Protein chains: 2
Amino acid sequence: MEENAVHPVLEAIRNRRSVRHFTSDPVPAADLEAILDAGRWAPSGMNNQPWRFWVVTDAAVKNDLAQWTQYGSVIRSAPVAIAVFLDPEACYHPIKDAQAVGACLQNMLLAAYALGYGAVWLGEILKNEDGVRKTLGIQPSWPLQAVVALGRPAKRDQTSSRRPLAALMPGSGF
Amino acid sequence: MEENAVHPVLEAIRNRRSVRHFTSDPVPAADLEAILDAGRWAPSGMNNQPWRFWVVTDAAVKNDLAQWTQYGSVIRSAPVAIAVFLDPEACYHPIKDAQAVGACLQNMLLAAYALGYGAVWLGEILKNEDGVRKTLGIQPSWPLQAVVALGRPAKRDQTSSRRPLAALMPGSGF
């Protein structure tokens, strides 16, 4: 790697943003599969892979899904919504399973960015997980973890910020 | 991007492996900072950034830390151990905070891979989080989330597997 060049992985991690406005362009199946595949390859405790995906592209189902969040317009605007659930039979530890889903979601967001898509991780919808399960026909025992809205970005929300590293290392002289 | 070329982000997601054997080469501060910075840029609910990092490079402290896991040899072998905690004052939702930490950890693992390092996410040590807090002098209210062992790979555990995508999409005709 050249001196001063930023590795594409670091670039993606740094410049990925939550995208909430999409064009109407569909997401080709090959790209959608690549994004799901990125989620699939996340690490998990005991390699238990507790994540399960529901891909919603049908406009009527997407509209029905949208009612369960105050960010319904984001879901309606996106050509694809990916609902992520836990399979209780695959779970083994509440915190570690949730962490694994977070790694899985981040892989999908990074893959979407890498392929020129925009995406946003929606968590507020969890408060209506009963409704989401009803819309998608999912058994009550499966906990909703997040919905990812995905498509070609119509515009990108360019700014974001994080705490400085020093504020994240309260015990370290690093 | 060339036809058939795999984007480096997808390559990293697909080929990253848990690395448990390290050379004695130290991790230069600039690289360690780039890896922590990748964690820092993870998404989190409400952008609450609940993660906090303790970086351990001192051999005596690392040995003390190693006693709290059956994978102590991994920690002793690694030039760097990064303990990740939640700051309770930054938390807002148990599942979403754990997911955010998962995204943060995955960013660090991917960044480590991109920079030529090996790393492994250790979760079993959580059962002894009291001990870890004692070793590191951390207040009892801060939940341990994981320890990442990091260094130049002495060998890579090359094989891993995942369920096929179809098995992760029980409700979909995708």
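Would you check if B:Arg163 is on the phi < 0 side of the Ramachandran plot, charged (D, E, K, R) and within 7 Å of another protein chain (Cβ to nearest Cβ)?
So B:Arg163 fits the description; yes.
Would you mention how many residues in segment B:1-19 are surrounded by fewer than 21 Cβ atoms within 10 Å (Cβ to Cβ) and either over 20 Å from A:Ala100 (Cβ atoms) or touching a residue at least 24 places away in the same chain (Cβ under 8 Å) (or both)?
Looking only at that region, the number is 12.
Can you work out which of the residues in segment B:125-159 that are of a type in the set (Gly, Ala, Ser) and surrounded by 13 or more Cβ atoms within 10 Å (Cβ to Cβ) is nearest to the other protein chains (Cβ to nearest Cβ)?
Per the criteria, the residue is B:Ala146.
Okay, residues lined up against (1) facing chain B (nearest Cβ under 9 Å); (2) surrounded by fewer than 22 Cβ atoms within 10 Å (Cβ to Cβ); (3) within 21 Å of A:Leu136 (Cα to Cα):
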{"site": "A:His21", "(1), (2), (3)": "no, yes, no"}
{"site": "A:Pro26", "(1), (2), (3)": "no, yes, yes"}
{"site": "A:Ala29", "(1), (2), (3)": "yes, yes, yes"}
{"site": "A:Glu33", "(1), (2), (3)": "yes, yes, yes"}
{"site": "A:Pro43", "(1), (2), (3)": "yes, no, no"}
{"site": "A:Asn48", "(1), (2), (3)": "no, yes, no"}
{"site": "A:Trp54", "(1), (2), (3)": "yes, no, yes"}
{"site": "A:Ala60", "(1), (2), (3)": "no, yes, yes"}
{"site": "A:Gln67", "(1), (2), (3)": "no, yes, yes"}
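Check off (1) under 16 Å from A:Arg20 (Cα atoms); (2) part of a helix (DSSP H, G or I); (3) facing chain B (nearest Cβ under 9 Å) for A:Trp121 and give me the number that stays unchecked.
Every listed condition holds for A:Trp121 apart from (2).
Can you confirm whether segment A:75-84 contains a residue that is in a helix (DSSP H, G or I), more than 12 Å from every other protein chain (Cβ to nearest Cβ), within 15 Å of A:Gly118 (Cα to Cα) and not basic (Lys, Arg)?
Yes; the residues of segment A:75-84 include at least one that is in a helix (DSSP H, G or I), more than 12 Å from every other protein chain (Cβ to nearest Cβ), within 15 Å of A:Gly118 (Cα to Cα) and not basic (Lys, Arg).
Does A:Leu168 qualify as being at the interface with chain B (Cβ under 10 Å from one of its Cβ atoms), among the hydrophobic types (A, V, I, L, M, F, W, C) and in contact (Cβ under 8 Å) with a residue 24 or more places away in the chain?
So A:Leu168 does not fit the description; no.
I'd like to know if segment B:149-165 contains one or more residues that are touching a strand residue (DSSP E or B) at 6+ places or on another chain (Cβ under 6 Å), under 18 Å from A:Gln99 (Cβ atoms) and part of a strand (DSSP E or B).
yes
Which one of the conditions (1) over 16 Å from the mean Cα position of the chain (by Cα); (2) buried (at least 16 other Cβ atoms within 10 Å of the Cβ); (3) touching a residue at least 24 places away in the same chain (Cβ under 8 Å) does A:Val74 fail to meet, given that it meets all the rest?
Exception for A:Val74: condition (1).
Being within 26 Å of B:Val19 (Cβ to Cβ), under 13 Å from the mean Cα position of the chain (by Cα) and not in a helix (DSSP H, G or I) is the filter here, so list the residues in segment A:1-56 that pass it. Reasoning before the result, please.
In the first step, residues of segment A:1-56 are kept if they are within 26 Å of B:Val19 (Cβ to Cβ); the result is A:1-3, A:5-14, A:16, A:34-51.
Cutting the leftovers down to under 13 Å from the mean Cα position of the chain (by Cα) gives us A:16, A:35-40, A:42, A:51.
Scanning segment A:1-56 gives A:Arg16, A:Ala42, A:Trp51.
Being among the hydrophobic types (A, V, I, L, M, F, W, C) and not in a helix (DSSP H, G or I) is the filter here; which residues of segment B:57-73 pass it?
So the first thing to find is which residues in segment B:57-73 are among the hydrophobic types (A, V, I, L, M, F, W, C), and the list is B:59-61, B:65-66, B:68.
Once the filter is applied, which keeps residues that are among the hydrophobic types (A, V, I, L, M, F, W, C) and not in a helix (DSSP H, G or I), segment B:57-73 yields only B:Trp68.
Bear in mind these aren't lab numbers, they're just calculated from the coordinates by the rules spelled out. From a predicted model like this one, the values you see are computed outputs, not experimental measurements. Note: ideal-geometry Cβ built from the backbone for every residue, glycine included; neighbour counts use all protein chains shown.
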